[in-house]
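Notes for the one structure printed next.
The values are calculated or read from the model by the stated rules, or taken from the named source; none is laboratory data. Keep in mind it's a predicted model, so treat the numbers as computed, not measured. FYI the Cβ positions are ideal-geometry reconstructions off the backbone, even for glycines, and counts take in every protein chain you see. Just so you know, the surface numbers come from the protein's heavy atoms only, side chains and all, with ligands and any DNA or RNA stripped out. Shrake-Rupley method; radii C 1.70, N 1.55, O 1.52, S 1.80 Å.
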Amino acid sequence: MRRAALALGLVVAGVVSLAGCSGAGSDRPTVVVTTNILGDIVQNLAGEELDVVTFMPRDADPHSFELSAQDAATMRSADLVVSNGLGLEEGVQHHVDASAADGVAQFVAGDHVETLGYLDSDAVDPHFWTDPTQTASVVEALAPVLADLAGDGGQAVTDAGDAYLAELETVDAEMTAGLESIPAEHRALVTNHHVFGYLARRYDFRILGAAVPGGTTLAAPSASDLQELVDAIDAAGVRTIFADSSQPDRLMRVLADEAGRDVSVVPLLTESLAPEGQPGDTYLDMMRQNLQRITDGLTR
């Protein structure tokens, strides 16, 4: 009997927890966010003034994750949808479009950044957050939208936005100092797919290439793609190559072996936050974790 009561208590606690996450029973406006990186940023700005619902699980792939029917319905009844745009949310974009067609207000982060193309194609690169100054441009545009939605709580959102912009400025300064410490000849990145174009532009890095062509993780590399990367690794004498922590690194280890050199494979947090309680579980900490791993990897 006691065991049954305990089980029932756990079920009830779980239901209450889930309701809190979704903002059920709250009269605050609801903001639905597609990716967990943006979700963390929105939550920092919104505080207690808005209900923020983020669908993308931590340590997931934004290119391939999809919504449940219930998630899609929540999006279509939200007060605001915040998405990355620029082709990132490949499995979710049709739901975003449906919510817009239903009249839900939209904020597309990619509309507020200085975009660039991929190294190997004319497509627009959606991974702007690897440059914190581009993220700052998004926050500057987003904070007034959230403040307006928050009504009487708008000033709290504005203050939170100002504080977050100061944090981004600090992270940018840290990254500038840390990445400048890497010798110029070693400032070259090889990754499992193209993620760091904005970082490279901001901090004077070279992108040697990526195992997967283009910007999506849904594509597959050809034998010639891999050979070109091996040649680039050999020519540049790269000591470390990097793999997305949410993706298997088997392909990158094959590349390291094929290069015939002492090449390490280091995981980076590139498109998703780490699970809560682990290093990189917020956007700001993700940037600091990657800074440390890149600096350590390229100066060893």
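Quick check: is even one residue across the range 16-29 modelled with pLDDT of 95 or more, touching a Gly at 6+ places or on another chain (Cβ under 6 Å) and either outside any strand (DSSP E or B) or crowded, with 21+ Cβ neighbours inside 10 Å (or both)?
Checked the range 16-29: no residue is modelled with pLDDT of 95 or more, touching a Gly at 6+ places or on another chain (Cβ under 6 Å) and either outside any strand (DSSP E or B) or crowded, with 21+ Cβ neighbours inside 10 Å (or both).
For the range 264-290, enumerate the residues that are assigned to a helix (DSSP H, G or I) and open to solvent by 20 Å² or more (accessible area, probe 1.4 Å). Spell out how you get there, then give the answer.
So in the range 264-290, the residues assigned to a helix (DSSP H, G or I) come out as 283-290.
Within the range 264-290, 284, 285, 288, 289 meet the criteria.
Output yes when any residue across the range 125-138 is touching a strand residue (DSSP E or B) at 6+ places or on another chain (Cβ under 7 Å), in contact (Cβ under 8 Å) with a residue 60 or more places away in the chain and closer than 30 Å to residue 73 by Cβ, and no when none is.
Our first condition is that a residue be touching a strand residue (DSSP E or B) at 6+ places or on another chain (Cβ under 7 Å); within the range 125-138, this holds for 125.
Imposing the further condition that a residue be in contact (Cβ under 8 Å) with a residue 60 or more places away in the chain reduces the set to 125.
When the remaining residues are screened for being closer than 30 Å to residue 73 by Cβ, the result is none.
No - not one qualifying residue is present in the range 125-138.
Across the range 83-111, which residue is nearest to the chain's Cα centre (by Cα) among those that are buried (at least 19 other Cβ atoms within 10 Å of the Cβ) and under 16 Å from residue 145 (Cα atoms)? Please lay out each step first, then the result.
Applying the first criterion (buried (at least 19 other Cβ atoms within 10 Å of the Cβ)) to the range 83-111 yields 83-86, 88-89, 92, 95-96, 99, 107, 109.
In the following step, the residues that additionally are under 16 Å from residue 145 (Cα atoms) were identified as 83-84, 107, 109.
Details: 83: 11, 84: 9, 107: 16, 109: 12 Å.
So, considering only residues that are buried (at least 19 other Cβ atoms within 10 Å of the Cβ) and under 16 Å from residue 145 (Cα atoms), the one nearest to the chain's Cα centre (by Cα) is 84.
How about the range 108-128: which of its residues are of a type in the set (Ser, Thr, Tyr) and either part of a helix (DSSP H, G or I) or under 25 Å from residue 169 (Cα atoms) (or both)? Steps first, please.
Looking only at the range 108-128, we keep the residues that are of a type in the set (Ser, Thr, Tyr), and these are 115, 118, 121.
Hit for the range 108-128 is 115, nothing else.
Residues to consider are 235, 243; find the one that is within 21 Å of the chain's Cα centre (by Cα) and modelled with pLDDT of 70 or more. First the steps, then the outcome.
Numbers: 235 fails: within 21 Å of the chain's Cα centre (by Cα).
One residue alone meets the criteria, 243.
Can you spot a residue in the range 58-71 that is at pLDDT 70 or above and touching a helix residue (DSSP H, G or I) at 6+ places or on another chain (Cβ under 7 Å)?
Looking through the range 58-71, at least one residue is at pLDDT 70 or above and touching a helix residue (DSSP H, G or I) at 6+ places or on another chain (Cβ under 7 Å).
For the subset of the range 87-107 comprising residues that are in a loop (DSSP other than H, G, I, E, B) and modelled with pLDDT of 95 or more, which member is nearest to residue 152 (Cα to Cα)? It would help to see each step written out before you state the result.
We begin by selecting, within the range 87-107, every residue in a loop (DSSP other than H, G, I, E, B); these are 87-92, 102-104.
Applying the additional criterion that residues be modelled with pLDDT of 95 or more yields 102-104.
Working: 102: 26, 103: 24, 104: 21 Å.
Applying the filter and picking the extreme gives 104.
If the Cβ limit is 8 Å and pairs must be 6+ apart or interchain, which residue in the range 158-174 that is more than 15 Å from residue 146 (Cα to Cα) pairs with which residue that is among the polar types (S, T, N, Q) and assigned to a helix (DSSP H, G or I)?
168/133; 168/135; 172/133
Condition first: farther than 30 Å from residue 208 by Cα and aliphatic (A, V, I, L, M). Can you find one or more residues in the range 123-134 that meet it?
The first filter runs over the range 123-134 and keeps only residues farther than 30 Å from residue 208 by Cα, leaving none.
Looking for residues that are farther than 30 Å from residue 208 by Cα and aliphatic (A, V, I, L, M), one finds none in the range 123-134, hence no.
Restricting the range 35-81 to residues that are farther than 14 Å from residue 142 by Cβ and in a strand (DSSP E or B), which is most open to solvent (accessible area, probe 1.4 Å)?
54
Whether any residue in the range 113-124 is among the acidic types (Asp, Glu) and more than 26 Å from residue 288 (Cβ to Cβ) is what I want to check.
Step one: of the range 113-124, the residues among the acidic types (Asp, Glu) are 114, 120, 122.
Right, trim to more than 26 Å from residue 288 (Cβ to Cβ) and you get 120, 122.
Taking every residue of the range 113-124 in turn, at least one turns out to be among the acidic types (Asp, Glu) and more than 26 Å from residue 288 (Cβ to Cβ).
Residue 188 - would you say it is farther than 25 Å from residue 238 by Cβ and not basic (Lys, Arg)?
Working: farther than 25 Å from residue 238 by Cβ: no; not basic (Lys, Arg): yes.
Judged against the criteria, residue 188 is not a match.
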